[in-house]
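Some notes on the structure that comes next.
The values are calculated or read from the model by the stated rules, or taken from the named source; none is laboratory data. Quick caveat, the model's predicted, so the values are computed rather than measured. Quick reminder, even Gly has a Cβ in these numbers, built from the backbone with ideal geometry, and neighbours come from all protein chains shown. Note: accessible area is taken over every heavy atom of the protein model, side chains too, but ligands, DNA and RNA are not part of it. Shrake-Rupley method; radii C 1.70, N 1.55, O 1.52, S 1.80 Å.
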Amino acid sequence: MDEKALPGRLPERDRPWVMRTYAGHSSAAATNALFRRNLAKGQTGLSVAFDLPTQTGYDPDHELAAGEVGRVGVPVAHLGDMRALFDGIPLGDMNTSMTINAPAMWLLALYGTVGEEQGAQLSRCAGTTQNDIIKEYLSRGTHIFPPAASLRLTADVVAYALREMPRWNPVNICSYHLQEAGATPVQEVGFALSTAVAVLDAVRDSGQVPAERMGDVVQRISFFVNAGVRFVEEIAKMRAFGALWDEITRERYGVEDPKQRRFRYGVQVNSLGLTEAQPENNIQRIVLEMLGVTLSRDARARAVQLPAWNEALGLPRPWDQQWSLRMQQVLAYESDLLEYPDLFSGSHVMTALVDEIVTGARVELGKVLEMGGVVAAVETGYLKSALVASLAERRRRMESGADVVVGVNRFTETEPSPLTAAGAESVEQVDPAVEAAATASVRRWRAGRDDAAVDAALARLRADAATTTNLMPATLECVRAGVTTGEWAGALRQVFGEYRAPTGLAGAAGAGGDATLAAVRKRVAVTARELGSGRLRLLVGKPGLDGHSNGAEQIAVRARDAGFEVVYQGIRLTAGQIVAAAVEEDVDLVGLSVLSGSHLAAVPAVLAGLRAAGRADLPVVVGGIIPAGDAEQLRAAGVARVFTPKDFALTGIIDELVTVVREANGLR
């Protein structure tokens, strides 16, 4: 019997999703070599990780870029860098995803220009610019401009792509980081769709797209989602996403064609859910999370990129990325998954779960719309407070043991892992010389261009930004004149200003029934009394460009619950600003959070600043993704404690902070 004729099988296998790995580090040339190796191994699309200076609109020689260049992605400061990044890779035949938001217009202009230089037709170029600025205010922190100006840039990119790059997804509504910031499935769907509505409303209201072409806009809107280890719930979440998107685009925007209303999404599974403890367990976590977005044919991801098993330890190596790519290939090509229609059609369990998420997400969407839309919900702090509170509850469940994390809060006994036996060699190391090379390179680039053409292009950009003119033509002129990333963003900063998003701490819930918190509160009160102060004061600082503030915010909430007075000014601070705040607020302890890998530059700068300010006695602790060797260096430099992802019990961390204060002040 022909097994292809078995009942329930498709006449032809379903097409595999686009397979990517999220990659970029050190330099454009080094990342180009990594891209070529990954493509040779069977990867079918590229996913570009840019470094934090590029994502936040700074050149490598800017003060805030110190220690950040080439760490979490590739630095792209000008057209020459983009040429080097895609050297020998035909962009007309490639599907490229670029995780870039505030400067999405700039990077798309660089990409399109390189494509044209290669001889590609823009109309053939396929890929995605993430370009979802709302979640940056809530969870990831690489925003630059205020919300209204940012949405204007997004609408301009959408209108341009519709005309010139019809195969390009000009915006990728991103719920990925909402889940990492604490969102429940209901919140993730509701808040992400609120952002999608804001983008579509901005495009519609800009007057740049005729009403009859809104269906063309809708069909190029894609989503980028997170998939956690509760993979049955994740399947339901994706089906709920599709049902609500179909409803919104039909009823709110009048899109009649079902193909245009199809929910199109790519996925990266949950990186922050990976553990430093027993990191080999991350392999099965990644596989289960991949199943959540591939098992259901009617809600299957169009593109998948998987993290590496060791991302809680540091930057993955090419071999680690290869392992993740092979997971996708085994599922797509060895298993029979793609031979069947949807496995959950008609399931009473799945239908009920989908309906529950749809109902809850519809309520959340309604709340946001009643406030005046997602921009108002950002500016009032509603969305950020909701996420901080949800993450606090998630952490409480993990700390209490209600939610089991294998190897972390249960089954912690373990044999030594051969995967990590090599110590720091188990992760990619970024050469510190990368930053100096990038700085020298951008200065050579500036010295070799026509300054008059640069000045004229930037003047046009500023002038157009002060009107409602689409900014893509002026941006393309800047690209061709040799303007840098920092100069492009700097010109728009002059017109739009910068934005500091609400921290969300004011409305955050506390630790509730944490039984150990009362004892810590007592220690805090006793220590304050012995020091002769009303309350212990903790400064929580985020030095550099790292915008992942979830951990810092959770520490701030728990410290406040324990009786500390917490000083937290948000993300993206210089060492000088942190030192000034510590001195002016007369704090008892400084806690620094660094997840970008820049700790060996950012932390010593703060320590040096405190010494110069006469406060060398002020204790400093550090938290982040910090390899053991780096932790030793920080302690040798004077850091009192180093906390890493394995230190998950927040109340225990706060108790240790009290101990640090007591030690620093000579108390028993």
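Over the range 558-652, calculate the relative contact order: mean separation of alpha carbon pairs under 8 Å at least 6 apart, over the residue count, as a percent. Once divided by the residue count of the range 558-652, the mean separation gives 27 percent. Look at the Cα gyration tensor of the range 269-410: its axes a ≥ b ≥ c give a/c of at least 1.5 with a/b at or below b/c, and that counts as oblate. Taking amide hydrogens as placed 1.01 Å from N in the peptide plane, the amide H of VAL171 sits under 5 Å from those of THR129, SER222, each at least 5 positions away in sequence or on another chain. In a DSSP loop and with at most 11 other Cβ atoms within 10 Å, the GluC sites (Glu not before Pro) in the range 1-89 are GLU12. Helices of the chain meeting both criteria, an alpha-carbon length of 24 angstrom or more along the long axis and an average Kyte-Doolittle score not below 0.5, with helices taken as full DSSP H segments, are 185-206, 348-370.
Highest average first, the peptides 350-360, 442-452, 192-202 ordered by how many other beta carbon atoms sit within 10 Å of their residues are 192-202, 350-360, 442-452. For the chain, calculate the relative contact order in percent as a whole number, restricting contacts to Cα pairs under 8 Å that are 6 or more residues apart. Relative CO of the chain lands at 16 percent.
Probing with 1.4 Å while keeping every protein chain in the model, the per residue accessible area of the range 577-639 equals 38 Å². Only lysine pairs 8 or more places apart, or on different chains, with alpha-carbon atoms under 21 angstrom apart are counted in the chain, and they number 9.
By the gyration tensor of its Cα atoms, with a ≥ b ≥ c the square roots of the eigenvalues, what is the shape of the range 349-431: rounded for a/c under 1.5, prolate for a/b over b/c, or oblate? Prolate, because a/c is 1.5 or more and a/b exceeds b/c. Sequentially through the range 79-93, phi angles give Karplus couplings (6.51, -1.76, 1.60; θ = phi - 60°) of 4, x, 5, 5, 4, 5, 5, 10, 4, x, 10, x, 5, x, 10 Hz, Gly and Pro residues having no value and appearing as x.
Distance from the C-alpha centroid of the range 39-87 to that of the range 332-393: 32 Å, rounded to the whole angstrom. Pairs of Cα atoms nearer than 8 Å and 6+ residues apart set the relative contact order; for the range 431-571 it is 20 percent. Only helices enter this figure: runs of n ≥ 4 DSSP H residues, each worth -39500 (n - 2.57), summed and divided by the residues of the chain, yield -14500 deg cm²/dmol at 222 nm to the nearest 500. Looking at the range 106-172, the trypsin sites (Lys or Arg not before Pro) that sit in a DSSP loop and have at most 15 other Cβ atoms within 10 Å of their own Cβ are ARG167. Computed over protein heavy atoms with a 1.4 Å probe, the carbon and sulfur contribution to the accessible area of the chain reaches 53%. Identify the GluC sites (Glu not before Pro) of the range 364-419 meeting these criteria: DSSP loop state and at most 16 other C-beta atoms within 10 Å of the C-beta. For GluC sites (Glu not before Pro) across the range 364-419 that sit outside H, G, I, E and B with at most 16 neighbouring Cβ atoms in 10 Å, the list reads GLU413.
Only the Cβ atoms of Lys and Arg (+1) and of Asp and Glu (-1) were treated as charged; on that basis the dipole of the range 136-182 about its Cα centre amounts to roughly 120 debye.
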